[in-house]
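A.B. asks: My questions all concern the structure below.
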Amino acid sequence: MSEYKGLMVFAEQHEGRIHPVSYELLGKGTEIAQKLGIEVSSVLLGSEMGDEINELFYYGAEKVYYFDNPVLADFDLLNYKHNLVRLVNEVKPETVLVGATHLGRSLGPRVACALATGLTADCTALEVGDEGNLIQIRPAFSGNIFAHIRTTTRPQMATVRYKVMQKLDRDASRTGEIVRKDADIIDSVLKIVSKESAGGVNIAEADVVVCGGRGLKCAADFALMEELAAALGGVVGCTRPIVDDGWISKQHQVGFSGNTVKPRLYVAAGVSGSPQHLAGMRDSDVILAINADPSAPIFKVADYGIVGDLYEVIPRLAAEARQRS
Ligand SMILES: Cc1cc2nc3c(=O)[nH]c(=O)nc-3n(C[C@H](O)[C@H](O)[C@H](O)COP(=O)(O)OP(=O)(O)OC[C@H]3O[C@@H](n4cnc5c(N)ncnc54)[C@H](O)[C@@H]3O)c2cc1C
């Protein structure tokens, strides 16, 4: 096991732009590496990434392994996996971190399987344990406990949720070494015929999230949330039962099995505050809760609370916000 050294972050890119989860992983990776006195590297697969590569240095990478090939411009699972496995076998990092995005959740386990090592999925915290082992922490049993997991094989692999780690401040004076690697391109089942935008919201990036829960009586009443979100320049979120009932798509769901959000303002209306919901929003800067029940658990994490009927409170808040904008 001693032949494995260093920490490697998989840098995810879409259309030539690096996903911010990669910077968050570099931030955490730097903290861990400083404790252990090891190097933080990053691996990027893409095509003609240009100056974007430097962003990885600005956010903490000391070395970037870069595979440049037109086939790697878009996420081609077989080729990404094949080349990542080759690199890990060559460089032998002790730890490999991957964002728990759609792409990372698809890629990470396949790479771990090919390397015959363990992977902890969807981590929300990482610590350094005895003998420098990575302690991988993730919610378990429906989010009621946090499991602390240690991998006995190497490399130690984890996928980590977006918006749970802190990235370093961007420092354009940081530099590092780019190690260009030749991609070994294999026959792939992926053929991109045309590209279309999926549209929709990016709730994880929103500054303001207005979340509706089961305090709403019917799907049509969700318009109240949309009205307040529009007045505040934000997007709507929801609890899981709202998605289960088909009122709104899953991309709006906040919580353990949905999105993690960290907006400047989170408004929770008719939301009880289950542990599974809190797991996705408790780190918001300011939380405003509106609930008819003064003993609702959401008030324990709220910065401001209004005990009242959301059907009265939300239209008044929306009117006030519109007047001030
Ligand atoms: C494995 C697993 C994963 C899960 N993942 C998630 C997840 O990702 N996200 C998530 O949200 N949940 C998740 N859940 C579900 C979770 O356990 C709760 O059931 C859910 O969060 C409750 O949603 P709610 O707060 O909308 O509903 P409720 O708990 O029913 O709360 C409704 C609240 O509305 C209030 N209310 C009622 N009428 C009004 C009114 N007129 N005005 C103001 N307030 C009113 C009530 O007082 C109550 O507090 C998960 C569960 C499991 C088992």
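The values are calculated or read from the model by the stated rules, or taken from the named source; none is laboratory data. Computed from a predicted model, the values in this text were never measured in an experiment. Here Cβ is always computed from backbone atoms with ideal geometry, including for glycine, and neighbour counts include all displayed protein chains.
A.B. asks: Being surrounded by 21 or more Cβ atoms within 10 Å (Cβ to Cβ) and touching a strand residue (DSSP E or B) at 6+ places or on another chain (Cβ under 6 Å): is that true of residue 57 here? Can you show your working first?
C.D. replies: On the way: surrounded by 21 or more Cβ atoms within 10 Å (Cβ to Cβ): yes; touching a strand residue (DSSP E or B) at 6+ places or on another chain (Cβ under 6 Å): no.
Taking the combined requirement at face value, the residue does not satisfy it.
A.B. asks: Let me ask something else about it. Under the condition of being hydrophobic (A, V, I, L, M, F, W, C) and within 12 Å of the ligand (Cβ to nearest atom), which residue from segment 204-217 is surrounded by the fewest Cβ atoms within 10 Å (Cβ to Cβ)?
C.D. replies: We begin by selecting, within segment 204-217, every residue hydrophobic (A, V, I, L, M, F, W, C); these are 204, 206, 208-211, 216.
If we keep only those that are within 12 Å of the ligand (Cβ to nearest atom) as well, we get 211, 216.
Numbers: 211: 33, 216: 25.
So, considering only residues that are hydrophobic (A, V, I, L, M, F, W, C) and within 12 Å of the ligand (Cβ to nearest atom), the one surrounded by the fewest Cβ atoms within 10 Å (Cβ to Cβ) is 216.
A.B. asks: Considering segment 8-22 alone, what residues qualify as being crowded, with 24+ Cβ neighbours inside 10 Å and more than 10 Å from the chain's Cα centre (by Cα)?
C.D. replies: Of segment 8-22, the ones crowded, with 24+ Cβ neighbours inside 10 Å are 8-12, 21-22.
Listed by number, the residues that qualify are 8, 9, 10, 11, 12.
A.B. asks: If you take the residues of segment 114-147 that are assigned to a loop (DSSP other than H, G, I, E, B) and closer than 20 Å to residue 27 by Cβ, which of them is nearest to the ligand (Cβ to nearest atom)?
C.D. replies: Of segment 114-147, the ones assigned to a loop (DSSP other than H, G, I, E, B) are 115-118, 124, 129, 133, 141-144.
The next check asks that each one be closer than 20 Å to residue 27 by Cβ; those that pass are 124, 129.
Details: 124: 13, 129: 27 Å.
Among those that are assigned to a loop (DSSP other than H, G, I, E, B) and closer than 20 Å to residue 27 by Cβ, it is 124.
A.B. asks: Something else about it: Yes or no: segment 231-238 includes at least one residue that is assigned to a loop (DSSP other than H, G, I, E, B) and within 24 Å of residue 166 (Cβ to Cβ). Show your work before the answer.
C.D. replies: Step one: of segment 231-238, the residues assigned to a loop (DSSP other than H, G, I, E, B) are 233-234.
When the remaining residues are screened for being within 24 Å of residue 166 (Cβ to Cβ), the result is 234.
The answer is yes; a qualifying residue exists.
A.B. asks: Answer yes or no: is there a residue in segment 281-296 that is among the acidic types (Asp, Glu), more than 8 Å from the ligand (Cβ to nearest atom) and touching a Lys or Arg at 6+ places or on another chain (Cβ under 6 Å).
C.D. replies: Yes, segment 281-296 contains a residue that is among the acidic types (Asp, Glu), more than 8 Å from the ligand (Cβ to nearest atom) and touching a Lys or Arg at 6+ places or on another chain (Cβ under 6 Å).
A.B. asks: Of the conditions (1) within 17 Å of residue 40 (Cα to Cα); (2) modelled with pLDDT under 95; (3) surrounded by 15 or more Cβ atoms within 10 Å (Cβ to Cβ), residue 96 clears all except one; give me its number.
C.D. replies: Looking at each condition in turn, residue 96 falls short on (2).
A.B. asks: For segment 86-141: of the residues being more than 17 Å from the chain's Cα centre (by Cα) and charged (D, E, K, R), which is nearest to residue 34 (Cα to Cα)? First the steps, then the outcome.
C.D. replies: Step one: filter segment 86-141 for residues more than 17 Å from the chain's Cα centre (by Cα), giving 86-95, 110-118, 127-135, 140-141.
Adding the requirement that they be charged (D, E, K, R) leaves 86, 90, 92, 94, 110, 127, 130-131.
On the way: 86: 26, 90: 23, 92: 19, 94: 14, 110: 29, 127: 12, 130: 16, 131: 15 Å.
Checking each candidate, the answer is 127.
A.B. asks: State all residues of segment 222-274 that are among the hydroxyl-bearing types (Ser, Thr, Tyr), within 12 Å of the ligand (Cβ to nearest atom) and modelled with pLDDT of 95 or more; if no residue qualifies, say none.
C.D. replies: We begin by selecting, within segment 222-274, every residue among the hydroxyl-bearing types (Ser, Thr, Tyr); these are 239, 249, 257, 260, 266, 272, 274.
Okay, now just the ones that are also within 12 Å of the ligand (Cβ to nearest atom), so 239, 257, 260, 272, 274.
Listed by number, the residues that qualify are 239, 272, 274.
A.B. asks: Another question, if that's okay. Filtering segment 179-201 down to residues that are touching a residue at least 12 places away in the same chain (Cβ under 8 Å) and closer than 27 Å to residue 268 by Cβ, which residue is surrounded by the most Cβ atoms within 10 Å (Cβ to Cβ)?
C.D. replies: 201
A.B. asks: Let me ask you something else. Based on what the data block shows, is residue 147 farther than 17 Å from residue 8 by Cα and at pLDDT 95 or above? Steps first, please.
C.D. replies: Numbers: farther than 17 Å from residue 8 by Cα: yes; at pLDDT 95 or above: yes.
So residue 147 fits the description; yes.
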